[in-house]
Amino acid sequence: MTFEPSELKKDFPILEDGKVFLDNAATTQKPSKLVERIQRFYEEENSNTGRGLYDLANKATSEYRKSRRTIAEFINAQSDELVFVRNTTEAYNLLAYSLQIEGKIVVSEMAHHSEQLPLRRKAEIENRDINYLPTENGEISLEAAEEIIDQNTGLVSISHISNVFGKENPVKDIIELAHENDAYVVVDGAQSVPRKPIDVKQLDADLLTFSGHKMLGPTGIGVLYGKKQVLRDMKPYQVGGGMIKSVRKDEVRWEDPPEKFEAGTPNIAGAVGLAEAVRYLENIGMKNIERHEKRLVREIEEGLNSIEGVETLTENATSLVSFTTDFAHPHDVAEILNQNSIAVRAGHHCAQPQMESLNIAGATRVSPYLYNTSEDVEKFLEAVETVREVFE
Ligand SMILES: Cc1ncc(COP(=O)(O)O)c(C=O)c1O
């Protein structure tokens, strides 16, 4: 498929009135195809899964299974390695509870609160040490990782692409380092899976998390990928219907993964919707999306660097740009941009320990996606100039 972002905008009714949506690291807009697919599910295919012996139940079960397969193939995983959860936050809470480790936990200071807080709670409950990997030029310091990850490490968690800096971390090296020390590795893929090709076999992380809503999919559906043996060794998180082989008064036998981790009625329409989003992304091509975003991010960085009083948090980002100014608070920047129909995020980006290290209260973050154009970037840069004029 030829990739023409200005044409793509037509697939997204919410963008039709000329709004410039540049807060895609928070969530993405939804193509009509996805909304139609979810509507079709409810109008023609809806039933509970795995339980009924009638046609509709078989249809809903088959669509749910097909969706799992489509999403698994998207990251080169197998269906039984893919657990449906609500989002990255739930995936982290699940694995923090279920993964049994020995030794300390290592997390990065740039980690999103959803990544670090479940692990901090795990450390507290299990009386473990937790070490932070520092940031250097917007990336996890590999040098520090080599010092901190040792034989006493049980679990290493890495953000693949930070939602503060928009740079890819040296994940391959850190995964290798963790495995050399017999530690598990989990990769927070919330910002990477939506925008670059991911092959879990090549990545070799033990676990990977991501959220459907950040990749055109619906809210309320996300993924915890885990290697087969890792998932088998994990204890169930929530218990209830749908995740058991048998229940007797004196004994319960759990289902195999992934059902073992999916207690209760799942988000069937969400899974069907996310599979539709995956097909949409695949149709455009993940390499095209990655290339397009990098180009827009270059334009944003160059434009911001030429505005007096603006400082980007890092250089050579690939998926988003965070910046501060010496003329306005990030909230004021976002508010004036909003008056110009431009949506960006301002604040601490759920990474307060990172903000503390940078010694700033917050930053403005501009994050494009596949439907943004150079014209959007120009409008954004002009609006930042306006902010400067207003405050100077
Ligand atoms: C890097 C990163 N990790 C985790 C999350 C949490 O995602 P969710 O709110 O979908 O659980 C986000 C959301 O912004 C994120 O950017």
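When ALA144 is tested against (1) more than 20 Å from LEU224 (Cβ to Cβ); (2) in contact (Cβ under 8 Å) with a residue 12 or more places away in the chain, only condition (2) is not met.
Whether any residue in segment 196-209 is more than 23 Å from GLY273 (Cβ to Cβ), crowded, with 19+ Cβ neighbours inside 10 Å, among the hydroxyl-bearing types (Ser, Thr, Tyr) and assigned by TED's automatic domain parsing to the domain that holds LEU94 is what I want to check.
The initial filter retains those residues of segment 196-209 that are more than 23 Å from GLY273 (Cβ to Cβ), namely 199, 201-207.
Keeping just the survivors that are crowded, with 19+ Cβ neighbours inside 10 Å gives 203, 205-207.
Then drop every residue that is not among the hydroxyl-bearing types (Ser, Thr, Tyr), which leaves none.
Checking segment 196-209: not a single residue is more than 23 Å from GLY273 (Cβ to Cβ), crowded, with 19+ Cβ neighbours inside 10 Å, among the hydroxyl-bearing types (Ser, Thr, Tyr) and assigned by TED's automatic domain parsing to the domain that holds LEU94.
None of GLY226, GLY189 is touching a Leu at 6+ places or on another chain (Cβ under 6 Å) and within 15 Å of the ligand (Cβ to nearest atom) except GLY189. Within 16 Å of the ligand (Cβ to nearest atom), of a type in the set (Gly, Ala, Ser) and part of a helix (DSSP H, G or I): is that true of GLY217 in this structure? Taking the combined requirement at face value, the residue does not satisfy it. Checking VAL247, VAL278, VAL185 one by one, the residue that is under 26 Å from LEU320 (Cβ atoms) and free of Cβ contacts under 8 Å to residues at least 40 places away in the same chain is VAL185 and no other. Scan segment 43-52 for residues that are in contact (Cβ under 8 Å) with a residue 40 or more places away in the chain and of a type in the set (Ser, Thr, Tyr) and the total you get is 1. Go through (1) small (Gly, Ala, Ser); (2) on the phi > 0 side of the Ramachandran plot; (3) not in a loop (DSSP other than H, G, I, E, B) and name the single condition SER6 misses. Against the list (1) small (Gly, Ala, Ser); (2) on the phi > 0 side of the Ramachandran plot; (3) not in a loop (DSSP other than H, G, I, E, B), SER6 comes up short only on (2). Within segment 150-177, restricting attention to residues that are assigned to a loop (DSSP other than H, G, I, E, B) and surrounded by 20 or more Cβ atoms within 10 Å (Cβ to Cβ), the residue that is nearest to the ligand (Cβ to nearest atom) is ASN163. Every test in (1) surrounded by fewer than 22 Cβ atoms within 10 Å (Cβ to Cβ); (2) on the phi < 0 side of the Ramachandran plot is passed by GLU293 save one, and that test is (1). For segment 315-333, filtered to residues that are more than 23 Å from the chain's Cα centre (by Cα) and crowded, with 16+ Cβ neighbours inside 10 Å, the residue that is nearest to ILE360 (Cα to Cα) is THR324.
Quick grid of which residues meet (1) modelled with pLDDT of 95 or more; (2) in contact with a Ser or Thr (Cβ under 9 Å, 6 or more places away or on another chain); (3) of a type in the set (A, V, I, L, M); (4) in the same structural domain as ARG195 (by TED's automatic domain parsing):
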| site | (1), (2), (3), (4) |
| --- | --- |
| GLY226 | yes, no, no, yes |
| ARG232 | yes, no, no, yes |
| LYS235 | yes, yes, no, yes |
| VAL239 | yes, no, yes, yes |
| VAL247 | yes, no, yes, yes |
| GLU255 | yes, no, no, yes |
| GLU262 | yes, no, no, yes |
| LEU296 | yes, yes, yes, no |
| GLU301 | yes, yes, no, no |
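Tell me, which residue of segment 348-369 that is at positive phi and out of contact with any helix residue (DSSP H, G or I) (no Cβ under 6 Å at 6 or more places or on another chain) is surrounded by the fewest Cβ atoms within 10 Å (Cβ to Cβ)? Across segment 348-369, the extreme among qualifying residues is ASN359. Answer yes or no as to whether THR61 is over 22 Å from the mean Cα position of the chain (by Cα), modelled with pLDDT under 95 and among the hydroxyl-bearing types (Ser, Thr, Tyr). No, not satisfied.
For (1) surrounded by 21 or more Cβ atoms within 10 Å (Cβ to Cβ); (2) in a helix (DSSP H, G or I); (3) in contact (Cβ under 8 Å) with a residue 60 or more places away in the chain; (4) assigned by TED's automatic domain parsing to the domain that holds GLU335, each residue gets a yes or a no:
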| site | (1), (2), (3), (4) |
| --- | --- |
| LYS10 | no, yes, no, yes |
| GLY18 | no, no, yes, yes |
| THR27 | no, no, yes, no |
| ILE38 | no, yes, yes, no |
| PHE41 | yes, yes, yes, no |
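Condition first: in the same structural domain as GLU43 (by TED's automatic domain parsing), crowded, with 16+ Cβ neighbours inside 10 Å, of a type outside the set (A, V, I, L, M) and within 17 Å of the chain's Cα centre (by Cα). Can you find one or more residues in segment 265-273 that meet it? Checked against the condition, which is being in the same structural domain as GLU43 (by TED's automatic domain parsing), crowded, with 16+ Cβ neighbours inside 10 Å, of a type outside the set (A, V, I, L, M) and within 17 Å of the chain's Cα centre (by Cα), segment 265-273 yields at least one hit.
The values are calculated or read from the model by the stated rules, or taken from the named source; none is laboratory data. These numbers come from a predicted model, not from an experiment. No Cβ is skipped: glycine too gets one built from the backbone with ideal geometry, and neighbour counts run over all protein chains shown.
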